[in-house]
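First the structure, which I've put down as structure tokens, then a few questions once you've had a look.
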Amino acid sequence: MEKKRVLLIASHHVSLIRFRGDFIKSLIDNGFDVFAAAPDYSEEIKQKIKALGATPVEFKLQRTGLNPMKDYKSIQELKSIIKSNKIDLVFPYTVKPVIYGSIAANSCKIPVVSLITGLGYTFTGASSKAKLLQRFNETLYKLSIRKNKCIVFQNKDDYQLLLDRKVIPKDQKVDFVSGSGVNLKQFTFKEKNPTDKVSFLFIARLIKEKGVALYLEASKILKEKYPNAEFHLIGAPETSPTAISEDELRELHDKGIIIFHGKQKDVEKHLHNTDIFVLPSYYREGLPRTTLEACACGNPIITTDSVGCRESVKEGENGFLIEPQNLEALAKPMEYFITHPEKIKEMGINSRKYAEERFDVDIINNDLVNIIKQELNLN
């Protein structure tokens, strides 16, 4: 029997390796031909995609903002890719690929299994611009995903929101997975043995919605009270309107309040070398990959009791959930770990157990492959 052809559509080529590399391998191991579409491919990522056994395909996409002419061209280009490569099923993820990939595939009468990895800024922001974008995106989602064979969500809050807003009908076929999963062989467990130098780590985009400003304020307060504590921060400076400036980060680093590492590739090493992972995000997450990696490495988690984030914590067992945008609520559990370092080892062990139970990439990819097989009548 001829192999079925699956087209993955991403908004960023790096994510195909970092977040979907194991998934691509799972599809190939299950007898699929895989095509991986993304804009602005680097030669390095192209070669990595080919090494996995997949075919990289490039298309043009304006990742942020709205430009009807460019967006229309993206849809037409995706339609051409689907037809010329005789694609049997399209699997888009993240906002624009889901919307434009779904429109393109449905117009070609090709089945779509779309993955909602979070609803992001437009469903989080309270500004007039965010609300305008929200209404516009709701309309685009209605136009694009209602004909999809299955919509996969990473949390039930996003599903409920789209249901409540009548973006999708009640009879829409949906499924759920626990994020993109984490490779437990790559992100290995290391038992924590903390001293009086308890260390915290924040990894995310350096925008206020991700909670970085709150983390910096908590670091200032706690560093003054507990000089031995360490507050690490990983992330690349951004030009977003809500970004924290690199000058501010460098100043705090030079004063010894934080340890700013900038952008880093070897995340596992930094998770192993620090005690507690902190993500006080109020961005509308799917299920943050960094918290899953922290769980796998054996770090207790402090994150917000909000969409997506809450999925990674069993309250009081492997960490704490806090109220979003509340400095006191963040500083309290951070101080708890400083004054009760013996709890770090125990909660870290529980984090790893939770990762093995729920976030193992093999389990999640197996679920996704089965959904695709079902829609192609291969089960």
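Out of Lys269, Lys314, Lys332, which single residue is of a type in the set (Lys, Arg) and over 21 Å from the mean Cα position of the chain (by Cα)? Break it down stepwise before answering.
On the way: Lys269 fails: over 21 Å from the mean Cα position of the chain (by Cα); Lys314 fails: over 21 Å from the mean Cα position of the chain (by Cα).
Step by step, each of Lys269, Lys314, Lys332 is checked, and only Lys332 is of a type in the set (Lys, Arg) and over 21 Å from the mean Cα position of the chain (by Cα).
Only one of these conditions is not met by Ala218: (1) farther than 20 Å from Pro300 by Cβ; (2) part of a helix (DSSP H, G or I); (3) of a type in the set (A, V, I, L, M); (4) touching a helix residue (DSSP H, G or I) at 6+ places or on another chain (Cβ under 9 Å). Which number is it?
With respect to (1) farther than 20 Å from Pro300 by Cβ; (2) part of a helix (DSSP H, G or I); (3) of a type in the set (A, V, I, L, M); (4) touching a helix residue (DSSP H, G or I) at 6+ places or on another chain (Cβ under 9 Å), Ala218 is out only on (1).
Looking at the stretch 39-94 only, could you name the residues that are assigned to a loop (DSSP other than H, G, I, E, B) and either of a type in the set (A, V, I, L, M, F, W, C) or touching a His at 6+ places or on another chain (Cβ under 9 Å) (or both)? Give the derivation first.
Of all residues in the stretch 39-94, those assigned to a loop (DSSP other than H, G, I, E, B) come to 39-42, 53-54, 59-67, 85-88, 94.
Scanning the stretch 39-94 gives Pro39, Asp40, Tyr41, Ser42, Ala54, Phe59, Leu61, Arg63, Leu66, Ile87, Thr94.
Kindly establish whether Val167 is farther than 30 Å from Lys269 by Cβ, modelled with pLDDT of 90 or more and not in a loop (DSSP other than H, G, I, E, B). Spell out the reasoning first.
Numbers: farther than 30 Å from Lys269 by Cβ: yes; modelled with pLDDT of 90 or more: yes; not in a loop (DSSP other than H, G, I, E, B): no.
Considered against the rule, which asks whether it is farther than 30 Å from Lys269 by Cβ, modelled with pLDDT of 90 or more and not in a loop (DSSP other than H, G, I, E, B), Val167 comes out as no.
Further question: Which one of Lys46, Lys79, Lys73, Lys3 is touching a Ser or Thr at 6+ places or on another chain (Cβ under 9 Å), without any contact (Cβ under 8 Å) to a residue 40 or more places away in the chain and over 27 Å from Leu287 (Cβ atoms)? If you could, list the steps in order and put the result at the bottom.
On the way: Lys46 fails: touching a Ser or Thr at 6+ places or on another chain (Cβ under 9 Å); Lys73 fails: touching a Ser or Thr at 6+ places or on another chain (Cβ under 9 Å); Lys3 fails: touching a Ser or Thr at 6+ places or on another chain (Cβ under 9 Å).
Checking each option against the conditions leaves just Lys79.
Can you tell me which residue is surrounded by the fewest Cβ atoms within 10 Å (Cβ to Cβ) among those in the stretch 208-256 that are under 23 Å from the mean Cα position of the chain (by Cα) and touching a residue at least 60 places away in the same chain (Cβ under 8 Å)?
In this case the residue turns out to be Glu209.
Kindly evaluate Glu356 against the criterion of being without any contact (Cβ under 8 Å) to a residue 60 or more places away in the chain, surrounded by fewer than 16 Cβ atoms within 10 Å (Cβ to Cβ), of a type in the set (Asp, Glu) and not in a loop (DSSP other than H, G, I, E, B).
It is false that Glu356 is without any contact (Cβ under 8 Å) to a residue 60 or more places away in the chain, surrounded by fewer than 16 Cβ atoms within 10 Å (Cβ to Cβ), of a type in the set (Asp, Glu) and not in a loop (DSSP other than H, G, I, E, B).
Mind checking which residues of the stretch 16-70 are modelled with pLDDT under 95, surrounded by 18 or more Cβ atoms within 10 Å (Cβ to Cβ) and not aliphatic (A, V, I, L, M)?
Within the stretch 16-70, just Phe19 meets the criteria.
Suppose we filter the stretch 95-133 for residues that are modelled with pLDDT of 70 or more and not in a helix (DSSP H, G or I); how many remain?
Number of matching residues: 12.
Given (1) under 30 Å from Thr239 (Cα atoms); (2) in contact (Cβ under 8 Å) with a residue 60 or more places away in the chain; (3) touching a helix residue (DSSP H, G or I) at 6+ places or on another chain (Cβ under 8 Å), where does Lys60 come up short, assuming only one miss?
(2)
Further, regarding this structure: Which one of these does Glu238 not meet: (1) at pLDDT below 95; (2) closer than 20 Å to Thr304 by Cα; (3) in contact with a Leu (Cβ under 7 Å, 6 or more places away or on another chain)?
The one condition Glu238 does not meet is (2).
Also: Determine whether Lys343 is within 24 Å of the chain's Cα centre (by Cα) and either more than 30 Å from Ile87 (Cβ to Cβ) or at pLDDT below 95 (or both).
Numbers: within 24 Å of the chain's Cα centre (by Cα): no; either more than 30 Å from Ile87 (Cβ to Cβ) or at pLDDT below 95 (or both): yes.
When the stated conditions are applied, Lys343 does not pass them.
Moving to a separate point now. Please specify each residue of the stretch 269-313 satisfying the condition of being in a loop (DSSP other than H, G, I, E, B) and among the basic types (Lys, Arg).
Arg284
The values are calculated or read from the model by the stated rules, or taken from the named source; none is laboratory data. Being a predicted model, the structure only gives us computed values, none of them experimental. Neighbour counts run over all protein chains shown; Cβ positions are idealised from the backbone, glycine included.
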